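Here the structure is laid out as structure tokens; the discussion comes afterwards.
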Amino acid sequence: MLKSLLYLLLPCFFVLLLTEPAPAQEAKTDFYTLLSSLLQRHVQQGQVNYKSLQQDKNKLQQLVKQIANYNLKGAGEAEVKAFYLNAYNLLVLQQVLENYPLKSVMDVEGFFDKKKHLVAGQSLTLNELEKQKLMKPFQDARLHFALVCAAKSCPPLLNQAYTPDRVEKQLQEQTVRTLQSSEFIRVQPASKRVLVSEIFSWYKDDFLREAPSIAGYINRYRKTALPARYSLGYYNYDWKLNDVK
């Protein structure tokens, strides 16, 4: 009788071992919900109202603490990708506020490569977070249109959190939105040329891993393809803060 009871209980025991505790699951859900709420209040057409964001500094710090303590043990690929995307964008906002008022993040020494942040228990710079946790493992060039470095020439910041259940759809939509923008991709019929962001020059290998040319990559996400005979060049990156005035 005892032996039979053990056989019945063992599967339940293993299910309990493999299932994440409810409080931890709730904390993760709260992270994405709270982040979306924060972004919707302070992101306007891809730009950030840092002045109003200052009023929510406590909520921002609460989210930064959640980033520091986030448990990725057993997380699937979608959750890992969504978490690190959100972590990067939120930590950029936090660091801007630490130095606000600010004309450009380039005025802050070590903004990307020296300042360390605690991310899921690891100490990382923004550059390390981008390269080691996102670009290297996923090799997904769309990430370049979701990571926002607080500059005017950056892709527009999404006003909602990337979530594990929607991250692939969100990345696709964000890439299409960015590459359809006449500000980001500047087609000039008079001179028969196209000027594109320097992002395509800095991370050229990432794009050419997925397409035979930069224009070829861009055309994958545009309703109207870039004219084949137009020359391609780069406009200067505007590092002024993506601040709503």
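The values are calculated or read from the model by the stated rules, or taken from the named source; none is laboratory data. Quick caveat, the model's predicted, so the values are computed rather than measured. For neighbour counting, all protein chains shown are included, and Cβ atoms are generated from backbone atoms with ideal geometry for every residue, glycine included. For accessibility, only protein heavy atoms count, side chains too; no ligands or nucleic acids. Shrake-Rupley method; radii C 1.70, N 1.55, O 1.52, S 1.80 Å.
Annotations for the structure displayed:
- Just one of the listed residues (LEU102, LEU53, LEU60, LEU85) is over 26 Å from TYR237 (Cα atoms), modelled with pLDDT of 95 or more and crowded, with 16+ Cβ neighbours inside 10 Å, namely LEU60.
- Every residue from the range 63-81 that is open to solvent by less than 60 Å² (accessible area, probe 1.4 Å), within 16 Å of the chain's Cα centre (by Cα) and more than 15 Å from THR33 (Cα to Cα): ALA78, VAL80, LYS81
- Taken over the range 43-59, the criterion of being touching a strand residue (DSSP E or B) at 6+ places or on another chain (Cβ under 8 Å), over 16 Å from LEU91 (Cβ atoms) and part of a strand (DSSP E or B) is satisfied by GLN47 alone.
- Condition met for THR163 (in contact (Cβ under 8 Å) with a residue 60 or more places away in the chain, open to solvent by 10 Å² or more (accessible area, probe 1.4 Å) and of a type in the set (S, T, N, Q)): yes
- In summary, GLU198 fulfils each of the numbered conditions (1) in contact with a Lys or Arg (Cβ under 9 Å, 6 or more places away or on another chain); (2) touching a residue at least 40 places away in the same chain (Cβ under 8 Å) with the single exception of condition (1).
- Failed item in (1) open to solvent by 60 Å² or more (accessible area, probe 1.4 Å); (2) more than 29 Å from GLU77 (Cβ to Cβ), with GLU168 passing the rest: (2)
- Single residue of the range 116-145 satisfying the filter (open to solvent by 80 Å² or more (accessible area, probe 1.4 Å) and part of a loop (DSSP other than H, G, I, E, B)) that is nearest to VAL244 (Cα to Cα): LYS116
- Considering ILE218, ILE199, the condition of being closer than 28 Å to ASN89 by Cα and in contact with a Leu (Cβ under 6 Å, 6 or more places away or on another chain) is satisfied by ILE218 alone.
- Some residue of the range 203-220 being in contact (Cβ under 8 Å) with a residue 24 or more places away in the chain, assigned to a helix (DSSP H, G or I) and in contact with a strand residue (DSSP E or B) (Cβ under 9 Å, 6 or more places away or on another chain): yes
- Residue pairs meeting the criteria (Cβ under 7 Å; at least 6 apart or on separate chains; first open to solvent by less than 80 Å² (accessible area, probe 1.4 Å), in the range 30-41; second of a type in the set (Gly, Ala, Ser)): TYR32/ALA161; LEU35/ALA161; SER36/ALA161; LEU39/ALA161
- Which numbered condition VAL148 fails, given (1) surrounded by fewer than 20 Cβ atoms within 10 Å (Cβ to Cβ); (2) closer than 23 Å to LEU241 by Cβ; (3) in contact (Cβ under 8 Å) with a residue 12 or more places away in the chain: (1)
- Search result, residues across the range 171-202 that are buried (at least 17 other Cβ atoms within 10 Å of the Cβ) and part of a loop (DSSP other than H, G, I, E, B): PHE184, SER197
- Every condition in (1) within 13 Å of PHE145 (Cα to Cα); (2) touching a Ser or Thr at 6+ places or on another chain (Cβ under 8 Å); (3) among the hydrophobic types (A, V, I, L, M, F, W, C) holds for VAL194 except the one numbered (1).
- Answer residue from the range 221-245, given it is of a type in the set (A, V, I, L, M) and outside any loop (DSSP other than H, G, I, E, B) and is surrounded by the most Cβ atoms within 10 Å (Cβ to Cβ) among those: LEU241
- Any pair with Cβ under 7 angstrom, 6 or more apart, that starts in the range 121-137 at a residue that is touching a residue at least 60 places away in the same chain (Cβ under 8 Å) and ends at one that is in a helix (DSSP H, G or I) and surrounded by 14 or more Cβ atoms within 10 Å (Cβ to Cβ): MET135/LEU143; MET135/ASP206
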